[in-house]
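Trainee: My structure is below; once you've seen it, I'll send some questions.
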4 protein chains.
Amino acid sequence: MSSGPVIETQLRVRYAETDAMSIVYHTNYIVWFEVGRGEYFWQQGMNYADWERQGVYFPVSEVSARFLAPAHYGDLVTVRAWVQEVRSREATFAYEVLLAETGQQLATGWTKHLCVDSEGQVVIIPSRLRKVLEGGSEHEQK
Amino acid sequence: MSSGPVIETQLRVRYAETDAMSIVYHTNYIVWFEVGRGEYFWQQGMNYADWERQGVYFPVSEVSARFLAPAHYGDLVTVRAWVQEVRSREATFAYEVLLAETGQQLATGWTKHLCVDSEGQVVIIPSRLRKVLEGGSEHEQK
Amino acid sequence: MSSGPVIETQLRVRYAETDAMSIVYHTNYIVWFEVGRGEYFWQQGMNYADWERQGVYFPVSEVSARFLAPAHYGDLVTVRAWVQEVRSREATFAYEVLLAETGQQLATGWTKHLCVDSEGQVVIIPSRLRKVLEGGSEHEQK
Amino acid sequence: MSSGPVIETQLRVRYAETDAMSIVYHTNYIVWFEVGRGEYFWQQGMNYADWERQGVYFPVSEVSARFLAPAHYGDLVTVRAWVQEVRSREATFAYEVLLAETGQQLATGWTKHLCVDSEGQVVIIPSRLRKVLEGGSEHEQK
């Protein structure tokens with residue numbers, strides 16, 4: 001279990017994200033997980049793009065999601081993201097998507113990530129990245 | 001030419017929006033046009049989803065876009081949207097996408113829209129929608 | 001467990017499906033699951049769109065996926081889809097995505113679906129749809 | 001004008017490609033343009049991915065599309081792609097999207113491409129690529 005922060009991001013549902021059922025197509029909730037995860041890194045003072053430029057990648061190796069209630073075009077939704085577990089070479093983020101106006105839970109899920117180098121080899125998570133995942137920001141380390 | 005407002009929206013580039021060239025895949029700029037257009041309606045006090053519930057649709061009948069410089073993951077971009085022309089049954093929005101930090105122009109374009117009913121027949125733009133397109137908000141009309 | 005058929009679909013990776021790691025963005029494998037599921041229905045003589053026109057929907061309520069090896073632009077991939085379990089109001093499809101040339105496993109996963117009516121209420125799976133899910137085609141029933 | 005071949009690709013509309021109007025979201029026709037363009041290269045014996053590995057990129061610098069009639073989930077569509085013009089540093093592809101069953105025209109458009117190197121500098125189109133764009137296949141050259 002992580003004692004790190006829960007980061008909230010708000011976004012408005014795009015028409016491009018809806019499908020013929022007039023609701024958000026299911027994989028877009030998982031794209032929103034990515035948006036929430038990116039925001040987690042930003043708010044911890046870390047630019048994930050910089051890590052990639054240094055050859056450290058954090059691809060999704062596993063995803064699980066439950067869709068509880070549909071979002072519609074124009075809805076304002078809140079994505080909550082936090083780190084659930086950190087191991088030496090992998091970490092798990094967890095997510096919750098809520099309808100911003102009412103707080104109704106729309107989806108929950110998690111993604112597991114492996115730390116890999118530019119050759120695609122699994123490597124030990126660098127200590128500065130590990131610190132961010134454990135909830136201490138990069139800023140604090142400097 | 002329209003004398004209406006130019007509406008600005010900011011968004012951060014998602015990883016899902018990038019491609020194997022490490023830049024934003026070109027059709028996503030056109031999705032951002034949609035985001036800017038939706039924001040135009042919101043800021044004019046209009047909920048486009050409500051119009052659809054009343055059987056008034058405004059699908060894209062034509063699009064043109066020029067890609068001038070690439071956006072990358074994590075970039076903050078500004079989408080500027082305004083109404084360029086309103087006719088009895090169609091209207092044209094124009095757009096500009098800028099890198100928020102520097103103001104560098106990344107893309108420009110326009111979309112033409114036909115007003116159609118729930119049977120897909122082209123119809124005259126309802127006067128309240130026309131007012132919004134001409135830059136007078138729905139709020140003002142009440 | 002289902003004794004129904006395993007349906008294979010081949011598709012070529014689109015540039016739009018890649019991301020800045022030069023590999024396929026993870027949610028696109030789940031879109032491919034949908035392509036494989038649709039092909040399952042087609043090959044069982046069923047047009048899913050017809051069911052929706054009759055007010056029977058089969059939205060994804062849960063998804064799980066593991067990403068084992070990356071696909072790249074231009075790769076030909078095989079999606080294998082089959083029904084794993086059918087209950088009175090829900091069913092589970094399972095999937096495997098392979099690199100067509102070598103048979104290398106790229107991703108595995110499953111999706112759970114609830115049968116709902118046009119009001120979004122969960123309903124018992126109609127017997128004809130149930131038959132298709134159990135591996136007997138619609139054709140056979142006529 | 002080009003005297004090269006017109007390449008046809010067939011694809012079935014994905015649920016992921018539809019939107020809340022129950023029709024295909026407009027930018028997906030432009031993704032299909034990309035699919036048709038990729039198939040053009042394949043059928044000319046050229047693997048575009050190999051060119052990128054050699055540092056030759058062919059990004060979209062401009063796009064224009066007209067949407068004439070909607071495609072729906074499950075529709076089989078034909079994408080026709082051909083080279084319209086080749087200049088020293090840029091080329092233009094043109095496209096037509098048809099409903100396969102009836103031949104009804106759904107969309108038309110074109111994309112302009114600049115030839116750039118791995119630094120993003122515009123360069124002269126290499127002669128082998130130029131040959132492919134002019135309708136002579138890579139195979140013929142060997």
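Trainee: Assuming a viscosity of 1.567 mPa s and a temperature of 4 °C, what translational diffusion coefficient in µm² per second does Stokes-Einstein assign to the range A:1-69, Rh being the Kirkwood radius over Cα pairs? Display every interim value, and only then the final one.
Mentor: Details: Rh = 14.3 Å.
Translational diffusion coefficient: 91 µm²/s.
Trainee: A follow-up question, please. What average count of beta carbons from other chains do you get within 10 Å of the Cβ of residues in C:102-114?
Mentor: Working: counts 0, 0, 0, 0, 0, 1, 0, 3, 0, 2, 2, 0, 1.
Partner Cβ neighbours, averaged per residue: 1.
Trainee: Oh, and also: What nm value, rounded to one decimal, do you get for the distance between B:Asp117 and D:Arg87 when each label is placed 7 Å out toward the C-beta?
Mentor: 4.7
Trainee: Still on this structure, please answer the following. Round to the nearest 10 and give me the degree value, 0 to 90, for the angle of helix A:27-43's Cα axis relative to the longest principal axis of chain A.
Mentor: Relative to chain A, helix A:27-43 is tipped by roughly 50 degrees.
Trainee: Net charge around A:Leu114, counting only other residues with Cβ within less than 11 Å of its Cβ (Lys, Arg = +1; Asp, Glu = -1)?
Mentor: Working: positive: A:Arg87, A:Arg89, A:Lys112; negative: A:Glu62, A:Glu90, A:Asp117.
So the surrounding residues net to 0.
Trainee: Let me ask something else. For label points placed 7 Å from Cα toward Cβ, what is the shortest-first list of nm distances from D:Val123 to its copies?
Mentor: For D:Val123, the other copies' label points sit at 2.8, 5.6, 6.1 nm, shortest first.
Trainee: Suppose R0 equals 22 Å. What FRET efficiency, 1/(1 + (r/R0)^6) with r the Cβ-Cβ distance, do A:Ala100 and B:Leu76 give to the nearest 0.05? Walk me through the numbers before you get to the answer.
Mentor: Details: r = 21 Å, r/R0 = 0.96.
According to the calculation, E is roughly 0.55.
Trainee: Same structure again: How charged is the neighbourhood of C:Asp19? Take every other residue with its Cβ under 13 Å from the Cβ of C:Asp19, and add Lys/Arg as +1 and Asp/Glu as -1.
Mentor: Values: positive: B:Arg14, C:Arg14; negative: A:Glu34, A:Glu52, B:Glu17, B:Asp19, C:Glu17.
Result for the neighbourhood of C:Asp19: -3.
Trainee: By average Cβ neighbour count within 10 Å, what is the ranking of C:8-20, B:65-77 from highest down? Could you put the intermediate results ahead of the total?
Mentor: Working: C:8-20: 20.4, B:65-77: 18.1.
The peptides rank, most packed first, as C:8-20, B:65-77.
Trainee: Which of rounded, prolate or oblate describes the range D:84-129 when judged by the alpha-carbon gyration tensor and an a/c cut-off of 1.5?
Mentor: Numbers: a/c = 3.69, a/b = 3.07, b/c = 1.20.
Since a/c reaches 1.5 and a/b is larger than b/c, the shape of the range D:84-129 is classed as prolate.
Trainee: Here's something else I'd like to know. Quickly estimate the mean residue ellipticity at 222 nm for the protein assembly as shown, helices only: each DSSP H run with n ≥ 4 gives -39500 (n - 2.57), and the total goes over all residues, rounded to 500.
Mentor: Numbers: 16 runs with 136 residues, N = 568.
It comes out at -6500 deg cm²/dmol, rounded to the nearest 500.
Trainee: How well do other chains shield peptide C:67-73, expressed as the mean number of their Cβ atoms within 10 Å of each residue Cβ? Before the final figure, lay out the partial values.
Mentor: Numbers: counts 7, 2, 1, 2, 0, 2, 8.
Rounded to a whole number, the mean comes out at 3.
Trainee: Another question, then. Mind jotting down the distance between the C-alpha centroids of the range C:4-68 and the range B:79-108, whole Å?
Mentor: For the range B:79-108 versus the range C:4-68, the Cα centre distance is 34 Å.
Trainee: Please report the residue of chain B with the smallest beta-carbon distance to the B-to-A rotation axis, and give that distance in Å, no decimals.
Mentor: Of all Cβ atoms in B, the one closest to the rotation axis yields B:Leu11, 4.
Trainee: How compact and how long is the protein assembly as shown, expressed as Rg and Dmax of its alpha-carbon atoms in Å?
Mentor: Cα radius of gyration and Dmax of the protein assembly as shown are 23.7, 73 Å respectively.
Trainee: Under 15 Å from the Cβ of B:Ala91, count the other residues' Cβ atoms, weight Lys and Arg +1, Asp and Glu -1, and hand me the total. If you can, show how the numbers build up before the last one.
Mentor: Working: positive: B:Arg37, B:Arg87, B:Arg89, B:Lys112, B:Arg128, B:Arg130, B:Lys131; negative: B:Glu34, B:Glu62, B:Glu85, B:Glu90, B:Glu134.
Here the count lands on +2.
Trainee: Restricting to lysines 8 or more places apart or on different chains, can you count the pairs in the protein assembly as shown with Cα atoms under 23 Å from each other?
Mentor: So the count of such lysine pairs works out to 10.
Trainee: Further, regarding this structure: Using Cα-Cα distances under 8 Å and only pairs 6 or more residues apart, what relative contact order does the range C:7-141 have, in percent?
Mentor: Working: 259 pairs, mean separation 38.5, N = 135.
Relative contact order here is 29 percent.
Trainee: Using the C-alpha atoms of chain B, what convex hull volume per residue, in cubic angstrom, is computed?
Mentor: Normalising the Cα hull of chain B by residue number yields 114 Å³.
Just so you know, all these numbers are worked out from the coordinates, no wet-lab data involved. None of these values were measured; they are calculated from a predicted model. So basically every Cβ, Gly included, is an ideal-geometry build from the backbone, and we count neighbours across all protein chains shown.
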